[in-house]
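Quick notes on the structure that follows.
The values are calculated or read from the model by the stated rules, or taken from the named source; none is laboratory data. Here the structure is a predicted model, which means the values were calculated and not measured. Virtual Cβ from ideal backbone geometry, glycine too; neighbours counted across all protein chains shown.
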C-alpha cells in the first residue's frame, strides 16, 4: 500500500499527545498546580523553563503536559458519547423507519439548527463548570452528523441481501443491527469520530477559555489560554505553547481522520485503483 | 404422525396495497408439502412464487400483505403466532437460501462466525461449542479444509463455495423445511449441478423437506417429486414431476415444456426449432378477466375470457386449472 503522509503524520501527532498525557507525571518537571514560586514569575523560555513560567511562577511546560490529560479526556470521552448516541439513534431510525425515523430526523434537524457551542454553553450554565459537566455538555451536542451518517448507511444497508438473509434466518432486529449493519458502517463512523474528537478538543478549549470548563488552578489548554489573555503582549509564551498544543492535536486528529477515510472508504479506494 | 402434512397452504391470497387500491398479487394458491418431500414451484418472474415463499416464513412487508387463506406449519397457523414465535421458527425449523450467494453473506464477518451464530441464536450454544459445530457444518457441505475456511471472509470464497456456506447456514439447525429460492441461478452450470446434488443429498439424509422455487422447469422437475406451475398469481397445474414432462395438461405448461431445449429428443419429435409462448406476462394491475392466461393461449375460447377455470383433478394427485385442459 502506498505510504499515506496524512495518516502517518496525523497518527504520530495524536499518538504523541496520548503518550504525553499518559506519561505526564514522568515528563513534567514540576507539579503543574502546587509548584508556584513568585521568585521566578514570568520567566521567558530558557533551558531551565522550556516553555517559560506564568505570573505565579508555574512551569508552563509542565502545565501543557498535564493539560493534555484533560484535553484528550474531553476529546475522546465526549466524542465516544456522541458516537454512541448518534449511531444508536441513526441506525435504529434508518433500519426501522416509520414514526421513529421521523422523530429522530426532527431531533437531528433541531440539533443542527442550534449552534452546538451555544447549546453546550447552555448545558454548562445549568450544570456548572467542571470536567464532568464538560463531558456531558460536549457529549450531548455533537451527535447529529454521526446520526445522519448512521441513518443513511442503515437505509442503504437494510436492503442488502445479507440483512434480508439474516431476517429470514430468524435474527431479531437488535441482533441484525449489531451484527449485520453496525460492522458494515463502522468505517465512515470511525472517520467522523476522529474528526469529531478534534472539534471536541477545540470546543473544550473554547468553553474553558470562556471560564466554563475546567476550574483553575487545574490546567487545561483552553483555561491556560484564557489566563494568558491579559499578558499576551508582555509574556506571549503563556498563550503560544498551549495554543500550539491545541493546534497540533487538532491538526493530528484531522489528518488522521482524512487518512482513515482514504483507507476505510471503499469508494475512494476504488477510485484510486 | 406421518399422515399430516408439514406445511399446508390453503386458498392463500396476497394483496399489493397501493394507496387505497388493492390488487391480488397471489390468489387462491393451495398446496401441501409432506415431511421430507421435495416440492417445486415454477413460474416466470413476477408470477408470485417468491412472495408466496416470503408469506410462508411470515416475512411479507408492506405494501404486500396476506389478505386471505391459511398457512399451517406442522399443524399450527403461522399467521396466528406471535412475532417472537414466528422468528423462532425462521432459521430453526424453516430455513431459506437465496439466489445471490454474492450478497447473502455479511462481507465483514468470517463465514464460520456466520454459521456459528445460528447455533448460538437457535440452539443456545456457547460460542466455543458453536465454533466447533460450524467447522462440522462446513465439512458436511464438503468444503475442503473446513477448519481453515471458517476464518475466511466471503470475498475470499468462490460463488459455489459461498452457496455451500449458505446451505451450511440454512441446514445448521436441522430445519424441517428448506426453501430454496432460485438457489443456482447465479452460478455456472457445472457448479449448479454440484450444488443441486449436494442440497438434494443433504436434505434426503436429514429428512428435510424442500420447497424449490425456480423459473427453470427442467431443474425443478429433476430435483422435485411434485411440481406446481404458477402463472400470474395462480397455480395453473400441479403434477408429479414425471407426469408434467410426459403429458403437460395446461397450455401454459405445455408451452414451457416445449420451449425447453432437450438433447437429442427434438429431432426425434420431428421439430427443428424451439417454440416460444407468444405475448408477455400481464402486469399485476391489469390481470385479464377469466383465465389469466387467455390472451396468450392458442386454445382460448369465449368462456376463458369470462370465467376463471375451476380446479380439475387429474390422476395421481395432479390438478389443473383450465377449461380446455388436455
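Name every residue in segment B:170-201 that is in a helix (DSSP H, G or I) and within 14 Å of chain A (Cβ to nearest Cβ), in order of residue number.
Passing the criteria: B:170, B:171.
Just the residues that are in contact with a helix residue (DSSP H, G or I) (Cβ under 9 Å, 6 or more places away or on another chain) and either free of Cβ contacts under 8 Å to residues at least 12 places away in the same chain or assigned to a loop (DSSP other than H, G, I, E, B) (or both), please, taken from segment B:55-64.
Correct list: B:57, B:58, B:59, B:60, B:61.
For segment A:53-156, which fully contained helices (runs of 4 or more DSSP H) count at least 3 residues that are farther than 26 Å from residue A:174 by Cα and free of Cβ contacts under 8 Å to residues at least 12 places away in the same chain?
Qualifying helices (runs of 4 or more DSSP H): A:116-127.
Hey, can you tell me all the residues within segment B:148-169 that are over 27 Å from the mean Cα position of the chain (by Cα) and within 14 Å of chain A (Cβ to nearest Cβ)?
Initially, segment B:148-169 is screened for residues over 27 Å from the mean Cα position of the chain (by Cα), giving B:148-153, B:156.
Matches in segment B:148-169: B:153 only.
Output the number of residues of segment A:13-52 satisfying the condition of being part of a helix (DSSP H, G or I) and out of contact with any strand residue (DSSP E or B) (no Cβ under 8 Å at 6 or more places or on another chain). Break it down into steps so the answer makes sense when it comes.
Going residue by residue through segment A:13-52, those that are part of a helix (DSSP H, G or I) are A:13-22, A:24-27, A:38-40.
Still in the running and out of contact with any strand residue (DSSP E or B) (no Cβ under 8 Å at 6 or more places or on another chain): A:13-22, A:24-27, A:38-39.
So the count comes out to 16.
Based on what the data block shows, is residue A:110 surrounded by fewer than 19 Cβ atoms within 10 Å (Cβ to Cβ) and touching a helix residue (DSSP H, G or I) at 6+ places or on another chain (Cβ under 8 Å)?
Criteria not met by residue A:110.
Any idea which residue in segment B:119-147 is nearest to the other protein chains (Cβ to nearest Cβ), counting only those that are assigned to a loop (DSSP other than H, G, I, E, B) and farther than 21 Å from residue B:203 by Cα?
So the residue we want is B:124.
If residue A:58 passes every condition in (1) within 18 Å of residue A:231 (Cα to Cα); (2) at pLDDT 75 or above; (3) touching a helix residue (DSSP H, G or I) at 6+ places or on another chain (Cβ under 9 Å) but one, which one does it miss?
Residue A:58 satisfies every listed condition except (3).
Quick check on my filter: what residues within segment B:38-55 are within 19 Å of residue B:250 (Cβ to Cβ) and either crowded, with 22+ Cβ neighbours inside 10 Å or in contact with a strand residue (DSSP E or B) (Cβ under 8 Å, 6 or more places away or on another chain) (or both)?
Within segment B:38-55, B:39, B:40, B:41, B:42, B:43, B:44, B:47, B:48, B:49, B:52 qualify.
Assess whether residue A:177 counts as being in contact (Cβ under 8 Å) with a residue 24 or more places away in the chain and within 14 Å of another protein chain (Cβ to nearest Cβ).
yes
Filter segment B:94-118 for residues that are assigned to a loop (DSSP other than H, G, I, E, B) and in contact with a strand residue (DSSP E or B) (Cβ under 7 Å, 6 or more places away or on another chain); which is nearest to the other protein chains (Cβ to nearest Cβ)?
Step by step, filter segment B:94-118, then rank; the result is B:98.
Condition first: more than 24 Å from residue B:221 (Cα to Cα) and either under 15 Å from the mean Cα position of the chain (by Cα) or surrounded by 19 or more Cβ atoms within 10 Å (Cβ to Cβ) (or both). Now tell me which residues in segment B:17-37 satisfy that.
Correct list: B:25 only.
Under 14 Å from the mean Cα position of the chain (by Cα), under 19 Å from residue B:89 (Cα atoms) and crowded, with 17+ Cβ neighbours inside 10 Å: which single residue out of B:180, B:228, B:172, B:221 fits that description?
Testing whether each residue is under 14 Å from the mean Cα position of the chain (by Cα), under 19 Å from residue B:89 (Cα atoms) and crowded, with 17+ Cβ neighbours inside 10 Å leaves just B:180.
Among what's in segment B:80-93 and is within 12 Å of chain A (Cβ to nearest Cβ) and assigned to a helix (DSSP H, G or I), pick the residue that is surrounded by the fewest Cβ atoms within 10 Å (Cβ to Cβ).
Selected residue: B:84.
Residues checked against (1) surrounded by fewer than 22 Cβ atoms within 10 Å (Cβ to Cβ); (2) more than 9 Å from chain B (Cβ to nearest Cβ); (3) touching a helix residue (DSSP H, G or I) at 6+ places or on another chain (Cβ under 9 Å):
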residue	(1), (2), (3)
A:133	yes, yes, yes
A:136	yes, yes, yes
A:140	yes, yes, yes
A:143	no, yes, yes
A:149	yes, yes, yes
A:152	yes, yes, yes
A:156	yes, yes, yes
A:170	no, no, yes
A:195	yes, yes, yes
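Name the residues in segment B:235-259 that are in a strand (DSSP E or B) and surrounded by fewer than 23 Cβ atoms within 10 Å (Cβ to Cβ), would you?
Residue satisfying the conditions is B:240 alone.
Name every residue in segment B:275-287 that is within 28 Å of residue B:15 (Cβ to Cβ) and exposed (fewer than 15 other Cβ atoms within 10 Å of the Cβ), in order of residue number.
Answer for segment B:275-287, where residues must be within 28 Å of residue B:15 (Cβ to Cβ) and exposed (fewer than 15 other Cβ atoms within 10 Å of the Cβ): B:279, B:280, B:283, B:285, B:286.
Could you please find all residues in segment B:65-79 being away from chain A (no Cβ under 14 Å), outside any loop (DSSP other than H, G, I, E, B) and either surrounded by 19 or more Cβ atoms within 10 Å (Cβ to Cβ) or touching a strand residue (DSSP E or B) at 6+ places or on another chain (Cβ under 9 Å) (or both)?
Across segment B:65-79, the qualifying residues are B:65, B:66, B:67, B:68, B:69, B:70, B:71, B:72, B:77, B:79.
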